[in-house]
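One structure is given here, and the rest of the page talks about it.
The values are calculated or read from the model by the stated rules, or taken from the named source; none is laboratory data. This is a predicted model, so every value here is computed, not measured. Cβ placement follows ideal geometry from the backbone for every residue including glycine, while neighbour counts extend to all protein chains displayed. What goes into the accessible areas is simple: the full protein's heavy atoms, side chains included, and nothing from ligands, DNA or RNA. Shrake-Rupley method; radii C 1.70, N 1.55, O 1.52, S 1.80 Å.
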Amino acid sequence: MTAETPLLEVDGLHVAYGGIEAVRGLSLRVLRGSLVTLIGANGAGKSTTLAAISGLVRPRAGRVLLDGEDVTRWRSTRRVAAGLVQVPEGREVLATMTVEENLSLGAWHQRAHLASGLEEVFARFPVLAERRRLSAGSLSGGEQQMLAIARALLARPRVLLLDEPSMGLAPLLVDEVFKVIETIRAEGTTVLLVEQNAHRALSAADHGYVMETGEIVLEGPAAELLANTRVIEAYLGEGFDPRPE
Ligand code: ATP
């Protein structure tokens, strides 16, 4: 029996900013079609891990493999073209450009598919279709998050990397964002989700990794982590009841 090659694999990753070791020997695997979450407190190194996976920072050591291919030395643009696409923390939409112009940027490497891609995205996010000619800066926080996700989808990701998509959103909008993420995954896109909202993330995920000060301290099936005393005490807050609803 051969073990399945993960669609995304990180092996022994070290990233430092000057003297600060933000990520220290991190390894993780994301199987094809799965939703994997990386949870942990502020400053644990989650965003840095995503940045190394998408090529925005250069690791000091370790490897990033996409479908078994070593992409560690690839530029981020080449990784996007190969299907490794990140939705950045804080959304980073271009406020003075229109919704449609922001979306077009997501399809920079496949202009031939722009029209059909836009149609798909507008069907999925009717609110973006309605506001397509408005400036992205005029959208609410939740709409901007949808725009950031939609822009990433236009790049036709094989692996979608999401950095704290629920950050700063009201509970109803968090529900909406998670619904979108679960739909994307149900349609076959592999997802690596970084979140501080551990309960929501673990409830949606198949597998989870818990990160503390640059290292993975715990990993397992998401349902097991949701019931793990250490995870409950550290990340799920007081009064959280791990029993199924
Ligand atoms: P957050 O939820 O706040 O984004 P995080 O788990 O994603 O937290 P990182 O943002 O990856 O954590 O930060 C990990 C460590 O690296 C922290 O100590 C942080 O201060 C440091 N760090 C992050 N970015 C930089 C940078 N550009 N320069 C210097 N240090 C940085």
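When the residues of the stretch 181-227 are narrowed to those that are among the aliphatic types (A, V, I, L, M) and open to solvent by 60 Å² or more (accessible area, probe 1.4 Å), which ends up farthest from VAL87 (Cα to Cα)?
ALA227
Which pairs have Cβ atoms under 9 Å, sit 6 or more apart or on different chains, and link a residue in the stretch 48-72 that is free of Cβ contacts under 8 Å to residues at least 24 places away in the same chain to one that is of a type in the set (Lys, Arg) and within 13 Å of the ligand (Cβ to nearest atom)?
Going by the 9 Å Cβ cut-off, the qualifying pairs are THR72/ARG58.
Here are some residues: ARG151, ARG156, ARG230. Which one is assigned to a helix (DSSP H, G or I), under 30 Å from THR77 (Cα atoms) and open to solvent by 20 Å² or more (accessible area, probe 1.4 Å)?
After ruling out the rest, the residue left standing is ARG151.
Could you please give the count of residues in the stretch 77-90 that are within 19 Å of THR189 (Cβ to Cβ) and within 16 Å of the ligand (Cβ to nearest atom)?
Residues flagged as within 19 Å of THR189 (Cβ to Cβ) and within 16 Å of the ligand (Cβ to nearest atom) within the stretch 77-90 amount to 3.
Being surrounded by 19 or more Cβ atoms within 10 Å (Cβ to Cβ), at pLDDT 90 or above and over 30 Å from PRO59 (Cβ atoms) is true for just one of LEU134, LEU128. Which residue is that?
Residue meeting the stated conditions: LEU128.
State yes or no: is PHE178 under 17 Å from ASN197 (Cβ atoms) and buried (at least 16 other Cβ atoms within 10 Å of the Cβ)?
yes
If only one of GLY83, GLY90, GLY141 is touching a residue at least 60 places away in the same chain (Cβ under 8 Å), in contact with a Leu (Cβ under 8 Å, 6 or more places away or on another chain) and of a type outside the set (A, V, I, L, M), which one is it?
GLY83
Scan (1) part of a loop (DSSP other than H, G, I, E, B); (2) at negative phi; (3) within 16 Å of the ligand (Cβ to nearest atom) for the single condition GLY168 breaks and write down its number.
It is condition (2) that GLY168 fails.
Hey, could you check the stretch 49-73 for residues that are away from the ligand (no atom under 16 Å from the Cβ) and of a type outside the set (A, V, I, L, M) and say which is surrounded by the most Cβ atoms within 10 Å (Cβ to Cβ)?
Out of the qualifying residues, it is THR72.
Among the residues of the stretch 4-48, write down those that are within 12 Å of the ligand (Cβ to nearest atom), open to solvent by 40 Å² or more (accessible area, probe 1.4 Å) and closer than 15 Å to GLY62 by Cβ.
GLU21, ARG24
Looking only at the stretch 137-165, how many residues end up being among the small types (Gly, Ala, Ser) and within 16 Å of the ligand (Cβ to nearest atom)?
The total comes to 1.
Tell me, yes or no, whether the stretch 178-199 has at least one residue that is within 16 Å of the ligand (Cβ to nearest atom), modelled with pLDDT under 90, within 19 Å of ASN42 (Cα to Cα) and hydrophobic (A, V, I, L, M, F, W, C).
No; the residues of the stretch 178-199 include none that is within 16 Å of the ligand (Cβ to nearest atom), modelled with pLDDT under 90, within 19 Å of ASN42 (Cα to Cα) and hydrophobic (A, V, I, L, M, F, W, C).
For the stretch 79-117, give me the residue count where each residue is hydrophobic (A, V, I, L, M, F, W, C), modelled with pLDDT of 90 or more and surrounded by fewer than 21 Cβ atoms within 10 Å (Cβ to Cβ).
The number of residues fulfilling the criteria is 2.
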